[in-house]
Amino acid sequence: MEFHAVICCGKGTGLSPFSTVRESGIPKALLPIGNKPMIEYVLEWCDQAPFRAITVVSDSESNAAIEELLEKYRSKRSKEALVCPIGTVKFDGDATGEILEEFIQDIENAGDFVLLPCDFITDLPPQVLIEEYRNRDDEDIAMSVHYLNKFDSIDKKNLTHYYTAYSEDQHLLDIYSKDSVEQSKFLELRTQMIWRFPNCTVSTKLLDSFIYFFSQAAISIIKKYIGEYKNQSITKMVRDLARRSWRHSDQLGGISLFTLPKQCNFIRADNIPAYIESNRYIMKLKAKEQQQPAQAKEKGAATVGADSVVGENTQLGERTSVKKTVVGKNCIIGNRCRLTGCVLLDNITLQDDVVLENCVIGQGATVNSKARLTNCNIEGGYIVNKAFQAKGETLTNLFIAGQESETDSDDDDSEEYDSYEDDFDDDFEDDGLFER
Amino acid sequence: MPPKQKKQKELVQDERLQAIVLTDSFETRFMPLTSVKPRCLLPLANVPLIEYTLEFLAKANVNEVYFMCCSHADQIQEYIEQSKWSTSGSPFKVQTIMTLESRSVGDAMRDLDNRGLITGDFLLVSGDMVTNIQFDKVMEAHKARRAVDKDHIATMVLTQASALHRTRSHAEPAAFILDKKNDRCLYYQDIPAADGKKSSISIDPEILEGVDEFVVRNDLIDCHVDICSPHVPAIFQENFDYQYLRKDFVKGILSSDILKKTIYAYITDSYAARVESWQTYDAISQDILARWAYPVCPDSNFLENQSYSYEGKHVYKEKDVILAQSCKIGACTAIGSNTVIGNLTTIESSVIGRNCKIGNNIVIKNSYIWDNSVIGDNTVLDHAIVASNCTVGKNVLLDKGSVLGFNVTVTDSQVVPRDIRISGKFVEAGEPNFDESDSNLEEDHTVAYDYVGENGIGYLYESEYSDTDDEASKPVNSLMYQMGALALSDESIASTSQNAVKHKKKRTFSTNSVATATDHEDEDFEKEAIATVVRALENNHDLDTALLELNTLRMSMNVTYHEVRHATLFALLGRVTHFIETGTLNAKEATDKVFKQWSALFKRQVFDEEEEVDLLEIANKLTRSREKGKQILLYVISIFYDMEIVSEESILKWYNSSDVDNEYVAKFVQWLEEAEEDSEEESD
């Protein structure tokens, strides 16, 4: 109960065109995985712990929608179990580094806290992480959680963003973003680090889970320098904290690094392939759970595989087959459609004889008959022409499709958000941080 | 069937293992001693260094040993011929190869290639290492990897230690970057010492492609035991500028796109170290005495006539040692036969050779006294080295790190201060040790009376390092050199470049000031431009490529030619200084080598007289604080002049307008002026 959980809901740059980066999108945290908003998985995971309190940080546009969802979620929670209060904080800054500034005053003396993304799904109970954190070295001030990708279908290109340096005894030492390395054409490993940690490993396959545990000590250090991080990401802040362990003559407490065990599944739906994969993962779990005997079905009725889910009020036409696919609410699916490995959000119309494979279809989109799409992403409200065929394309609205748009959205689309992986200026000089 | 037989014969031939021993280190760290004796014959724990290598080779089941002899080749040849290794009982065939012209490992390898002795994979070792590695395992690993990776051309044997391990050389620290999965070496980089300065290893991400995880190892002792394929000498032949085995060859192979060869590391826990500086000499001696390198220890009696026996507490004594009753022999001590030790004398952690006469009431701590030396009463030796045939008087103090060369006499009551080296005959500093230095004995070099006393014999040896500003290089080679706590100090901010300070200011005081923003840009440019030129130099790019890169950089960063010139010159001069500091070339040779090739860069950076003056001024400023800067400046200017990068007029204009405090240049200018007058006269 000693932890305060902070869930950061990002803009979902990687999930464009389905997130609020586009006008037709919906807040990333509310994008459904297996017909359930993704943040609910995170909340449920938190409730396994449980934490002292949960704060959901989102931008003011999405705040109302998230509030609404939380209201529903609160009522769903079991009454007997110990549950923690869930609050929300509006945050409209550009970089994640600022998030903490919003409420660092409140948590300063309240104990340790843990930062979570809104987009992960895992079968690893939170206790494992908490125990790992409790067992850290005394002088460590934080713990950063990393994982290895286990899903082959997620392309490496979508995942590897960093060179992560860690020591033999599992401490995070440094992080370099791939982009900055490419820009400067060199990966520059600091000799200071190599002298202090003469046997360190640099990994390109470790992925940042964006789960960070911060101790009181870390909070007070962060508080001191919070101003510096106005335009920086939390990842960069963590990197600077990690560098403390070798750039000073006295060895200061560093950040322990925990790599999730191979047995557990962990996935972050922060890009489209991962989003599809996380849907499949949930479907697979569901299929395992149900294990019910196949029901005798009417002749000519649509077939829905055990690894698929169809939302409320959705009509399926005759002889339509749905495999490894999630279909949202209030959809109308025509006859003889074949859907394989797709994610369909709500209010979608598919006419007859549509074949979709590995596609994501946004809200309120329409696909006219005989269209054949493979590996495509269709933005919400888009209308796919009759007998249209495409492979590996992203179809987006060129003009504002006002009347089709079902979202509770906003007019402000101009804001260009940095993704959470905003570029590191890989500066060499000691930036004077964390010196004592 | 005769053909078949022949085939079998060939197979048998392929299996013999050859070893190449580099008897020369091509370094001067053991000067002045190495002016008399080659490094590999210097005694370590009373055994010539090369014996340790030979013992290792014998255990490794080597069939043929070739000694690449260069400096003092005659001594080495004589030693080998008279040793047990040349007798019929020797486990392998020995042969000495005279490669007297070699000036580097690279030269020796090229010579080796020319001779065509190599028949298969061979073992390359230096003649100054001490190890107890089980070689068969290394060979097995090498063969296993070879089977998987046919481009595999070398396996380096590296020993696991810690970053600041005492047997790890602090003189040339280097990091190995290895693939975590299979120990394939991805990159090699020598790194600056742990002095808190900020620097970094730059790795081209292309090298890392397809590698999930790699380790950066700065805790390995590199004792230069390599298994090489016959390709290796050939590669040296092709790349005639390769000098060093690691810095040039390994790095060159790894960063070459064309060769596509691989090098693996074999990491072992066994003992392996190289005697490459006084610091490691001390550390390895102590390790041998303390039996860390077992079975390499004094009582293994490597030499046939040795008779060491182990007496507990790591004390080793040969036969016929005469100890006075009241003397105290502490732990970790070895004493050779016929040595006499007087009353009340204390010895600990030291090695004393044969036939020494150690007087009364002497304190010998952590010191090494070779054969036939005499030490007078009441003398104190602390971390000192006394070579053979020395005479040290009474009441003398040999302070930490002092070295007495062969045949030195120090008279009574003298003090030899810290890190002072005295040689029996005059040796000029910086003279490569692979020269016979008899010719250097000149009359006008006075005896170092201050240290050896009026009737003493000995000349002060001025190490080429001792007069440089670079503080770090001096203690590196001292016996006393001990790495303190890691000095990754916060003070280092004070010592970092001005740019760093500027940058820091920017971070703390302003976020969006225009002026500082441009500063930042310049700095980036400078850093990148210097890196570009350095890359071009190191990888020997052609001029056009370098020019193109610089030009692109200039345009993208929108800086003036002045900055380009500054950065280019800075990088070139850095290269020159590097050559001079490492002692590869002298100032003139180095400047010639770098500038003759690369000055053409300025042809596209300097366009009119004003800019020529500017270039000269930059050169003036940049050389001012450098070692031998004045000479370098002269050479640079004369090369510029010869290559018509700067005109006579601009030189004169510059010389008259700027404050040039340089007598060499003054002469040059004078000559120019005279030449001009002459030509004017002629034309008249």
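Brief remarks follow.
- Summarising the label geometry, the points placed 7 Å from Cα in the beta-carbon direction at residue B:182 and residue B:140 lie 1.9 nm from one another.
- Taken residue by residue and averaged, Cβ atoms of other chains lying within 10 Å of the Cβ of B:200-210 number 5.
- Close amide H pairs (under 5 Å, H built 1.01 Å from N) link residue A:88 with A:56, residues at least 5 positions away or on another chain.
- Alpha-carbon spread of the stretch B:78-224, three principal axes, descending order, Å: 53, 39, 31
- Förster radius 60 Å - calculated FRET efficiency between residue A:89 and residue B:320, Cβ distance, rounded to 0.05: 0.10
- Trypsin sites (Lys or Arg not before Pro) within the stretch B:276-318: DSSP coil, no more than 11 neighbouring Cβ in 10 Å: B:313
- Inter-centroid distance (Cα atoms) of the stretch A:320-374 relative to the stretch A:24-81, Å: 27 Å
- Under the simplified labelling scheme, the residue B:542-residue B:562 pair shows an inter-label distance of 3.4 nm, with each label point 7 Å from Cα along Cα→Cβ.
- Extension gain from residue B:600 to residue B:267, taking 0.36 nm per residue of separation minus the Cα-Cα distance: 115.4 nm
- 3J(HN,Hα) along the stretch B:364-378: 10, 10, 6, 10, 10, 10, 8, 5, 6, 9, 10, 10, x, 4, 6 Hz, from the Karplus curve 6.51 cos²θ - 1.76 cosθ + 1.60 with θ = phi - 60°, whole Hz, x for Gly and Pro.
- The accessible area of residue B:224, taken with all protein chains in place and a 1.4 Å probe, comes to roughly 40 Å².
- Long-range amide H partners of residue B:392 with built H, under 5 Å: B:374, B:375, B:376, B:410
- Values of log10 I(q)/I(0), in the order q = 0.09, 0.12, 0.15, 0.21 Å⁻¹, for the stretch B:525-682 under a Debye, Cα-only, solvent-free model: -0.28, -0.50, -0.77, -1.42
- The stretch A:3-274: C-alpha pair distances exceeding 22 Å, %: 57 percent
- The stretch A:300-408: relative contact order as a whole-number percent, Cα under 8 Å and 6+ apart: 16 percent
- Model label sites at residue B:151 and residue A:264, defined 7 Å from Cα along the beta-carbon direction, differ in position by 3.9 nm.
- Across the protein chains, with a 1.4 Å probe defining accessible surface, the residues A:228, B:64 rank A:228, B:64 from largest area downward.
- Inter-chain neighbour count for A:176-188: the average number of beta-carbon atoms from partner chains within 10 Å of each residue's beta-carbon is 3.
- Entries in B:198/B:593; A:28/A:224; A:236/B:198; B:198/B:603 that, when Cα-Cα distance is taken, lie over 26 Å: B:198/B:593; A:28/A:224; B:198/B:603
- Over every Cα atom in the stretch B:224-284, the radius of gyration and the widest Cα-Cα span, Dmax, amount to 14.4, 43 Å.
- Mean shadow area of the stretch B:228-371 over all directions, Cα convex hull, nm²: 11.6 nm²
- Rounded to the nearest 0.05, the FRET efficiency derived from the C-beta distance between residue A:132 and residue B:74 at R0 = 51 Å is 0.15.
- Chain lengthening between residue B:578 and residue B:670 when straightened (0.36 nm per residue, less Cα-Cα): 30.1 nm
- Looking at the stretch A:300-408, the pairs of alpha carbons with a distance over 16 Å make up 52% of the total.
- Based on Cα contacts under 8 Å between residues 6+ apart, the stretch B:525-682 shows a relative contact order of 20 percent.
- Across the stretch B:42-67, the residues whose backbone nitrogen lies under 20 Å from the label position 7 Å along the beta-carbon direction of residue B:119 are B:57-67.
- If R0 equals 51 Å, the separation of the Cβ atoms of residue A:77 and residue A:217 corresponds to a calculated FRET efficiency of about 0.95.
- Counts of other chain beta carbons within 10 angstrom of each beta carbon in peptide B:212-224 average 5.
The values are calculated or read from the model by the stated rules, or taken from the named source; none is laboratory data. Note that the structure is a prediction, hence the values are computed from the model and not measured. Note: ideal-geometry Cβ built from the backbone for every residue, glycine included; neighbour counts use all protein chains shown. Keep in mind that these areas ignore ligands, DNA and RNA; they rest on the heavy atoms of the full protein, side chains included. Shrake-Rupley method; radii C 1.70, N 1.55, O 1.52, S 1.80 Å.
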